[in-house]
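Peer 1: Structure incoming, see below.
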Amino acid sequence: MSDDLRELPLRERKKLRTRRALSETALHLFTENGYDATTLDQLCDAVEVSKRTFFRNYRSKEDVALAADSDLWSAYLEQVATLPMDGPLLDALRSALDTTLGAMDPDWERRFLATRELSEAVPALRAHSLGYCQDTTCALVTTVIGAAGTEVDEERLRLTVEIFVAAWRTASLRWTAQAGQGGREGLMRRIEETFAKLPEALTAAVQ
C-alpha cells in the first residue's frame, strides 16, 4: 500500500481501490477483447462489483476507459488552484504540469499510453476524449480565475490556456507516436521541447 493511501480514511481507501480496479480491469479487457465487444456487465463481473458501484465511480464506459486522463487532469486542477498568480501565466501552468506529472502514481504513464492508443483506435473514445479536453479547458479557465482572486482579462486568459492545452496535446501525441519512448521522463522532455518552440511557432510564417 502506498503512503498516500495509508493517509486516507479506511472508507476512502476502499473507494480508491475499487476505482483503480475498475479502471485497470477495463483497460485490460478493452485492449484484449476490444472496446465494443466488452460490456459493462463483463467489467463489473470481473471486478466483482455491482453496476451501482460502477456508476458511483464512473459516469460511463467511455469515462472508465479514459481514467488515466481524468486522473491527471483532476490532480492538475487541484495543483493550479494553489498557484500564486504573480507571474507569467503560461510559465505557471507549465510548472504545475511538471509538478503534477511528477506526483502521479508509478504506473500512470503505462496506463496513459495504453489509453491513448485505445482512444486512437476507437472513434467513440476519440470523440469522448475531445469533449473531455474541451470540458477540462473550461474548468482550467474557471480555476485560474478563482486562483487569481482579482479581475482578469478573461479573453487573454482563455487564449493562454488554449495555447497551453495545444502545447500539451502536441507533446503527448508525439510521445504516444513514439510508443512512450523514455517513459515519464521522455514525456516531460517532449513537453519541455514543445514549450520551447512556442515563441517561434507564434510568429511562424508560411513559405
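Peer 1: Out of the residues in the stretch 53-73 meeting the condition of being more than 14 Å from A21 (Cα to Cα) and of a type in the set (G, A, S), tell me which one is surrounded by the most Cβ atoms within 10 Å (Cβ to Cβ).
Peer 2: That would be S70.
Peer 1: In addition: Show the residue pairs that are 6+ apart or on different chains and have beta-carbon atoms under 9 Å apart, the first residue being within the stretch 168-187 and in the same structural domain as D91 (by TED's automatic domain parsing) and crowded, with 17+ Cβ neighbours inside 10 Å, the second being among the small types (G, A, S) and part of a loop (DSSP other than H, G, I, E, B).
Peer 2: Taking only residues 6 or more apart or on different chains, the pairs are W175/G182; L187/G180.
Peer 1: Still on this structure, please answer the following. Given the stretch 1-77, what helices (runs of 4 or more DSSP H) lie entirely inside it while holding 2 or more residues that are aliphatic (A, V, I, L, M) and over 25 Å from C133 (Cβ atoms)?
Peer 2: 10-33, 40-47
Peer 1: For the stretch 89-111, name all the residues that are crowded, with 16+ Cβ neighbours inside 10 Å and in contact (Cβ under 8 Å) with a residue 60 or more places away in the chain.
Peer 2: Result: L89, L93, R94, L97, L101, M104, W108, E109, R111.
Peer 1: Kindly list the number of the only condition in (1) part of a helix (DSSP H, G or I); (2) in contact with a helix residue (DSSP H, G or I) (Cβ under 6 Å, 6 or more places away or on another chain) that fails for C133.
Peer 2: If we test C133 against (1) part of a helix (DSSP H, G or I); (2) in contact with a helix residue (DSSP H, G or I) (Cβ under 6 Å, 6 or more places away or on another chain), just (2) comes out false.
Peer 1: Also, I was wondering about something else. Do you know which residues across the stretch 61-80 are free of Cβ contacts under 8 Å to residues at least 40 places away in the same chain and among the hydrophobic types (A, V, I, L, M, F, W, C)?
Peer 2: Listed by number, the list holds a single entry, A75.
Peer 1: Can you tell me which of (1) more than 23 Å from R184 (Cα to Cα); (2) of a type outside the set (K, R); (3) assigned to a loop (DSSP other than H, G, I, E, B); (4) in contact (Cβ under 8 Å) with a residue 60 or more places away in the chain is the one L157 doesn't meet?
Peer 2: Against the list (1) more than 23 Å from R184 (Cα to Cα); (2) of a type outside the set (K, R); (3) assigned to a loop (DSSP other than H, G, I, E, B); (4) in contact (Cβ under 8 Å) with a residue 60 or more places away in the chain, L157 comes up short only on (3).
Peer 1: Here is a follow-up. Looking at the stretch 81-88, is at least one residue surrounded by 14 or more Cβ atoms within 10 Å (Cβ to Cβ), under 28 Å from R189 (Cα atoms) and without any contact (Cβ under 8 Å) to a residue 60 or more places away in the chain?
Peer 2: no
Peer 1: For A139, are the conditions met, namely being surrounded by 17 or more Cβ atoms within 10 Å (Cβ to Cβ), assigned to a helix (DSSP H, G or I) and either modelled with pLDDT of 95 or more or small (G, A, S) (or both)?
Peer 2: Answer is no for this residue.
The values are calculated or read from the model by the stated rules, or taken from the named source; none is laboratory data. Predicted model, so just to flag it, every value in this text is computed and none were measured. Ideal geometry is used to build each Cβ from the backbone, glycine not excepted, and the neighbour counts take in all protein chains shown.
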